[in-house]
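Everything on this sheet refers to the single structure shown next.
The values are calculated or read from the model by the stated rules, or taken from the named source; none is laboratory data. Every value quoted in this text rests on a predicted model; they were computed, and no experiment measured them. Using ideal geometry, Cβ is built from the backbone for each residue, glycine included, and neighbour counts are taken over all protein chains shown. Just so you know, the surface numbers come from the protein's heavy atoms only, side chains and all, with ligands and any DNA or RNA stripped out. Shrake-Rupley method; radii C 1.70, N 1.55, O 1.52, S 1.80 Å.
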Amino acid sequence: MPPPDLFAQPAERAAQLRADLARYDHAYYVLDAPLVPDADYDALFQELQRLEEEHPELRTADSPTQRVGGSPLPAFAPVRHAVPMLSIQTETDTTLQGAVAFDLRVRNKLGLGPDDPPVTYAAELKFDGLAISLRYERGVLVQAATRGDGETGEDVTQNVRTIRSVPLQLRGNPPEVLEIRGEALMKRADFERYNARQREHGLPTLVNPRNGAAGSIRQLDPRVAAQRPLAFYAYGWGEIVGWSDQPDTHHAMLDAFEAFGLPVAPQRVHGAGPQTLIDFHARIAAERDSLPFDIDGVVYKVDSLALQRELGFRNREPVWAVAHKYPAQERSTRVLAIDIQV
Ligand code: NAD
């Protein structure tokens, strides 16, 4: 009998995971119709990541761990992003210690020892909607695009123009080119109102606010999109040209966006060391149910843009940011998964 091929099992498992995740990605990103709960998807994704780390030879260029999102729909004009729209690493430790683990990774990468001063972080909400890039030229909104596969998105300008809180013209003295990255989402009250009206008329209802937002933005008829009220919150940026006094921290960038008239969620903090992140995580856990929209967790970012540049990117994710989900969220999704299977 030939000796057992020690890599046969991981290779088969990796191929299976890649095939399953590719199917789930297509359903989620392209069709806006997820096949499995997020927690199940995350567990499979992390299993594949672990397998690829233990067996780097199993990592393929088309692996879901190496790419962002899904292919853009051909019904929309393609938009090539000047600066790619990436994903965010999810912290695997969902307890408060997740913030400490992130801080340790950052300090190690920066070569900081225990006697060096703490790193300053920004913390904000992880909005559960659809990533959008808004391009302003000389302060005027000229284009809105989805993330797509991160390199190429879909031109959804007409639909995004129906979001009332997205300014068509920025205030103050914005740079010559400013690409704002943020999330389009449906508030819970608007979701309930929309579904109640649909039910009254015997029409199909939306599955959840995230799918409501994604389906509305990637809607071929802007009149339909206009009937589904969406909100937008800025959390980042892409290409910037001609901003002589550009701020040098993440939190000051968001303050500047707010001054330009862009919506930025008030739930955000910045401060030294992981304690700032732990406190924010605990505060948002308590406030979560009273927020007007769904969140997917919180996001921690290194505040200094110089340090962000030093830390850079790994695959499809910035090294200077991490998403931290709440354990209860994962549990409730699991219960839902069990309900579905029964
Ligand atoms: P992600 O949601 O994990 O992280 C990146 C995205 O976070 C960005 O594109 C941005 O849109 C968003 N974001 C929200 N708030 C932000 C903030 N404050 N700062 C920066 N970004 C912020 O993105 P992803 O790569 O699409 O990750 C996949 C996630 O989507 C998984 O966690 C999974 O649960 C879910 N998913 C589910 C299925 C499914 O079948 N259920 C399939 C694919 C993906």
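Annotations
- Going through (1) within 14 Å of the ligand (Cβ to nearest atom); (2) free of Cβ contacts under 8 Å to residues at least 60 places away in the same chain; (3) of a type in the set (A, V, I, L, M) one by one, Ile180 falls short only on (2).
- Qualifying position, being in the same structural domain as Ser87 (by TED's automatic domain parsing) and closer than 24 Å to Ser71 by Cβ, among Val207, Val241, Val264, Val177: Val207
- Screening segment 51-80 for residues that are in a loop (DSSP other than H, G, I, E, B) and either within 16 Å of the chain's Cα centre (by Cα) or aromatic (Phe, Trp, Tyr) (or both) and picking the one that is farthest from Leu220 (Cα to Cα) gives Arg67.
- Among (1) open to solvent by 30 Å² or more (accessible area, probe 1.4 Å); (2) more than 25 Å from Tyr326 (Cα to Cα) - the single one Gln49 does not satisfy: (2)
- Residue within segment 37-52 that is more than 10 Å from the ligand (Cβ to nearest atom) and without any contact (Cβ under 8 Å) to a residue 12 or more places away in the chain present: yes
- Scanning segment 261-314 for residues that are open to solvent by 30 Å² or more (accessible area, probe 1.4 Å) and under 19 Å from Lys109 (Cα atoms) yields Ala272, Pro274, Ser304, Ala306, Leu307, Arg309, Glu310, Phe313, Arg314.
- Residue in segment 67-84 that is farther than 22 Å from Val322 by Cα and among the aromatic types (Phe, Trp, Tyr) present: yes
- Test: Ala225 is surrounded by 19 or more Cβ atoms within 10 Å (Cβ to Cβ), among the small types (Gly, Ala, Ser) and within 17 Å of Arg181 (Cα to Cα): no
- Matching option when the condition is over 19 Å from Gly148 (Cα atoms), at pLDDT below 90, within 26 Å of the chain's Cα centre (by Cα) and not charged (D, E, K, R), among Pro37, Pro3: Pro37
- Residues of segment 58-80 that turn out to be modelled with pLDDT of 90 or more and open to solvent by 70 Å² or more (accessible area, probe 1.4 Å), as a count: 2
- From the options Ala22, Ala27, Ala43, residue that is touching a helix residue (DSSP H, G or I) at 6+ places or on another chain (Cβ under 7 Å), under 30 Å from Ile217 (Cα atoms) and not assigned by TED's automatic domain parsing to the domain that holds Ala323: Ala22
- Residues (in a helix (DSSP H, G or I), near the ligand (Cβ under 10 Å from one of its atoms) and farther than 22 Å from Glu54 by Cβ) located in segment 13-36: Arg23, Tyr24, Asp25, His26, Ala27, Tyr28, Tyr29
- Taken together, Leu96, Leu31 contain a single residue that is within 30 Å of Gln143 (Cβ to Cβ) and modelled with pLDDT under 90, which is Leu31.
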